[in-house]
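Scroll down for the structure; my scribbles are underneath it.
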Amino acid sequence: MTAQIIDGKNFAVALRERVAEHTAYLKQQHDITPGLAVVLVGEDPASQVYVRSKAKQTVEAGMHSYQHKLAVDTTEAELLALIDQLNTDPAVHGILVQLPLPEHIDEALVINAIDPAKDVDGFHISNAGLLATGQQAMVPCTPLGCLMMLREYCGNLSGQNALVIGRSNIVGKPMAQLLLRESCTVTVAHSRTRNLPELVANADIVVAAVGRPLFIEGGWIKPGATVIDVGINRIEKSDGTTRLVGDVDFAAAKEVAGAITPVPGGVGPMTIACLLANTVTACCRARA
Ligand code: GUN
């Protein structure tokens, strides 16, 4: 069997179109435009690319984009003062502080200073707690995108065996909470898990977010399973050039799985689309 390839790019285009329609409606009916503030501290090249891409897609969806680029030696107090200002600015409905932050800044302190209602990343402890207790929360963008694709490919997720590989606050933990909310039987594995092949073989759904290239072998996958690969790892080829690979050995896994996301072009494009969707949600909730 050859798996269906889950096209995250197409999914993201469709979601961004829905967000743009919603934004146009808010403007037309209520004369309001959602605004997203993105804060970048320092000049990490990968972060700069992400931030540029977020700003571009925000504007394309008809929203206001506010970019705050701060020097690498910005103090924690200065950053907290900016967040205070954004928290009280009625034109800003969503705030995202690009991670990682420089080492002299306490990441948790900064994230938890964001007004939870504007926390479009869903990283604030209040949002993590609301999600874990089944209440209305801002949901982290990457797991939200994964869930949307799973719902489309698997239909009703209830009762399915879901394996989340990775336990980060950004992906693994919220992904497990979302799948629990869908009534999956959820197992969380990670880099130290001893019987990973056995767990993978029992899973109807695998979400790989462990950050290790080709960590999950194709032969472990249960025939017909749905595989969502969150990993983006750069590896060196024999000719010295590099290529992007996921956490799953895609070439082997696609011969066994029922459906699988490629890397690149799978989960990645959905993350920013979900960020835009969360910004519209935050804007609507602020008005309610
Ligand atoms: N850095 C890498 N991914 C993310 C993300 O989803 N949100 C934020 N704030 N920073 C990131």
Within segment 136-172, the residues that are among the polar types (S, T, N, Q), outside any helix (DSSP H, G or I) and touching a residue at least 24 places away in the same chain (Cβ under 8 Å) are S158, Q160, N161, S168, N169
Residue count, segment 16-73, condition in a helix (DSSP H, G or I), in the same structural domain as N87 (by TED's automatic domain parsing) and hydroxyl-bearing (S, T, Y), comes to 4
Exactly one of D247, D239, D204 is buried (at least 24 other Cβ atoms within 10 Å of the Cβ) and among the charged types (D, E, K, R), and that residue is D247
Note on L214: of the conditions (1) on the phi < 0 side of the Ramachandran plot; (2) buried (at least 16 other Cβ atoms within 10 Å of the Cβ); (3) in contact with a strand residue (DSSP E or B) (Cβ under 9 Å, 6 or more places away or on another chain), unmet is (1)
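Please find, within segment 74-105, the residue that is farthest from the ligand (Cβ to nearest atom) out of those that are part of a strand (DSSP E or B) and not β-branched (V, I, T).
So the residue we want is G94.
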Of those in segment 40-86 that are among the basic types (K, R) and out of contact with any Asp or Glu (no Cβ under 9 Å at 6 or more places or on another chain), the residue surrounded by the most Cβ atoms within 10 Å (Cβ to Cβ) is K54
Of the listed residues (A108, A113, A71), the one being more than 15 Å from the ligand (Cβ to nearest atom) and farther than 22 Å from I32 by Cβ is A71
| more than 16 Å from the ligand (Cβ to nearest atom), over 24 Å from V49 (Cβ atoms) and surrounded by 21 or more Cβ atoms within 10 Å (Cβ to Cβ): does that describe A253? | yes
Within segment 124-160, restricting to residues that are modelled with pLDDT of 95 or more and hydroxyl-bearing (S, T, Y), the one that is nearest to the ligand (Cβ to nearest atom) is T142
Segment 214-288: strands (runs of 3 or more DSSP E) wholly inside it with 2 or more residues that are in contact with a helix residue (DSSP H, G or I) (Cβ under 9 Å, 6 or more places away or on another chain) are 226-229
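The values are calculated or read from the model by the stated rules, or taken from the named source; none is laboratory data. Just so it is clear, the structure is predicted and the values come from calculations on it, not from any experiment. Methodologically, a virtual Cβ is constructed for each residue, glycine included, from the backbone with ideal geometry; neighbour enumeration extends over all protein chains shown.
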